[in-house]
Amino acid sequence: MLFNSLEFLVFFPMVIALYFAIPARYRWFMLLLASYYFYMSWRVEYIILIVISTVVDFYCGKKMAQLPEKSARKKYLYLSLVSNLGLLFLFKYFNFFSRSASRVFGYLNDSFLHWNVLHDTYTLKLLLPVGISFYTFQTLSYTIDVYNGKTNAESHLGKFALFVSFFPQLVAGPIERSSHLLPQFHKDYDFDYNRVKEGLLLMVWGFFKKLVIADRLAEYVNEVYNNVDRYDGFHNIVATYFFAFQIYCDFSGYSDIAIGSALIMGFSLMQNFRRPYFATNIREFWSRWHISLSTWFRDYLYIPLGGNRVIKWRWYYNLFVTFVVSGLWHGANWTFIVWGFLHGSYLVLGYMTKNVRSKLLKSVKLDPNSHLTRLLDVLVTFHLVLLAWIFFRANGISDTYVFLKNTLSLDVADLDRINLFRIRSDWTISIVAIMLLIIIDFITERAKIRYYFNKMPGLLRWVVLVFTIGLIVFLGKFEEQDFLYFRF
């Protein structure tokens, strides 16, 4: 069930009405049933994997809570890791590693070994369950935290199952920590007009970003990136800029809808985006982009590897490993690994050249804290991210090579070969919407946009809200396009 579907527009109000109508002690059960129904609307079989992860991790958490010694708890931690990561590998990565290994061994055999071996590739015909990477990481963080004594084991199986499958953030995050979300399922929340209003405003803004900006840009981006041999120069560059805003609006739009829908019921989900394209360096970018995932990798991979509390070369190694694994988390394709490697390289080179860049600024008499310097930093950071987005969006490494080669050919004549966005209004709507997004993000960077919204007279607030909804209705794309991060 997609947020941008008619089915959800019927499902969600029914859930909210039931939630506040029934006694508080039964609400967790109703939400669990709603969450399971929400997930099974894609494929009924998917629910089996969630139930397995839920039961295994609940059992492991209970057992670890009974053992005071960390060494004794280790076997239950391993059980959780093997079962969850094993399912993730089987459904998401087995075919990728099988094909990659087959190609490597085939190349070695043909070039050096000359063994009489088969070049067959063994693959499994399994559909990738929606959101498996998200709920796997969410439930894994629980068992790891229980193992480390950072959180108490949950004693209520039903509420733990709800933590794993809570429908607003089930399939694309934010990836919540048990210490933050689980205790909320033990509280009662009354209907609160201001909270509901704030949640609805977040949802409306999320729908605007998804339907008016992201899905409109997707038509042009998909045409160019799915036909890399047809387009060059101008179209490749524009499609890459458009993709940067498509993926931001698509994913942050989902997060806004998820956070807003949970807030209506009284639940607080963590902020997942904080205007990432205003970042002045790559490290800051990752403190603003997909915050729930970047902090997950920081806490459960980067710090256990040693973080920056090691000698310099090992620190750089830890950064590379973290970002390469982060790239692989996004998808079973070499393009994502290269994307992660690029971001790791950006960070390492940034740290290595920090002193050189400071001396360069002094030599040209530029104040590192000036508005001009900050603007230059933002532009450089954005374009480094933009370059990496090419690998993220490309369908394969070979497509990336063709795309980059053709991009260097700035052939203006190919303007007439595009089948999409010929109508000037499509370009105008997209560019004006992106400018509106940048303005709102700029205002929010300095003060919460809701502060200015709430300062407006009541009538003007309603005019703004109705106008935004009108833009969604008349300018939105309603073909029910998947959210991009559903693939991961």
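For a 31 Å ceiling on Cα separation, which of these pairs sit above it: LYS62/LYS92; LYS125/LYS150; LYS63/LYS92; LYS63/LYS125; LYS150/LYS209; LYS74/LYS159?
Going by Cα-Cα distance, LYS125/LYS150; LYS63/LYS125; LYS150/LYS209 fall outside the 31 Å limit.
Starting from the alpha-carbon convex hull of segment 180-299, give the projected area averaged over all orientations, in nm².
Spelled out: convex hull of the Cα atoms, projected over all directions, averaged, 9.6 nm².
Along the charge dipole of segment 158-271, Cβ charges K/R +1 and D/E -1, which of HIS186, LEU269, PHE242 sits furthest on the positive end?
Farthest towards the positive pole: HIS186.
Sort the following peptides by mean Cβ neighbour count (other Cβ atoms within 10 Å, averaged over residues), highest first: 202-208, 313-319.
So the peptides 202-208, 313-319, ranked by packing, come out 202-208, 313-319.
Please arrange VAL364, VAL51, VAL221 by counting, for each residue, the other beta carbons lying within 10 Å of its beta carbon, fewest first.
So the ranking, lowest neighbour count to highest, is VAL364, VAL51, VAL221.
In segment 24-186, how does Rg compare with the Kirkwood Rh, expressed as the Rg/Rh ratio over alpha carbon atoms?
1.11
Summarise the long-distance tail of P(r) for segment 293-396 by giving the % of C-alpha pairs beyond 25 Å.
33
What is the distance, in nm, between label points placed 7 Å from the Cα along the Cα-to-Cβ direction at ILE431 and at ASN222?
Each label point lies 7 Å from its Cα, and together they span 2.4 nm.
Using modelled backbone amide H atoms (1.01 Å from N, in-plane), which distant-in-sequence or interchain residues come within less than 5 Å of ASN281's amide H?
It is none; the list stays empty.
Please list 187-193, 472-478 highest first by mean number of surrounding beta-carbon atoms within 10 Å per residue.
472-478, 187-193
With an 8 Å Cα cut-off and a minimum separation of 6 or more residues, compute the relative contact order for the chain in percent.
After rounding, I find 19 percent.
Contour minus end-to-end for VAL380 and GLU445, with contour as 0.36 nm per residue of separation and end-to-end as the Cα-Cα distance?
Here the segment from VAL380 to GLU445 would lengthen by 21.5 nm.
Given Cα positions, please report Rg to Rh for the chain, the hydrodynamic radius being the Kirkwood one.
Value, to two decimals: 0.97.
Give me the lysines in straight-line cross-link reach of LYS312: C-alpha distance below 18 Å, same-chain residues under 8 apart excluded.
LYS354
Work out the charge dipole of segment 24-186 with +1 on the Cβ of Lys and Arg and -1 on the Cβ of Asp and Glu about the Cα centre, then indicate which of ALA161, ALA101, LEU90 is farthest towards its positive end.
Selected residue: ALA161.
Every read-out reported here was derived from the displayed coordinates using simple, explicitly stated rules and does not represent laboratory data. All values reported here derive from a predicted model rather than from experimental measurement. No Cβ is skipped: glycine too gets one built from the backbone with ideal geometry, and neighbour counts run over all protein chains shown.
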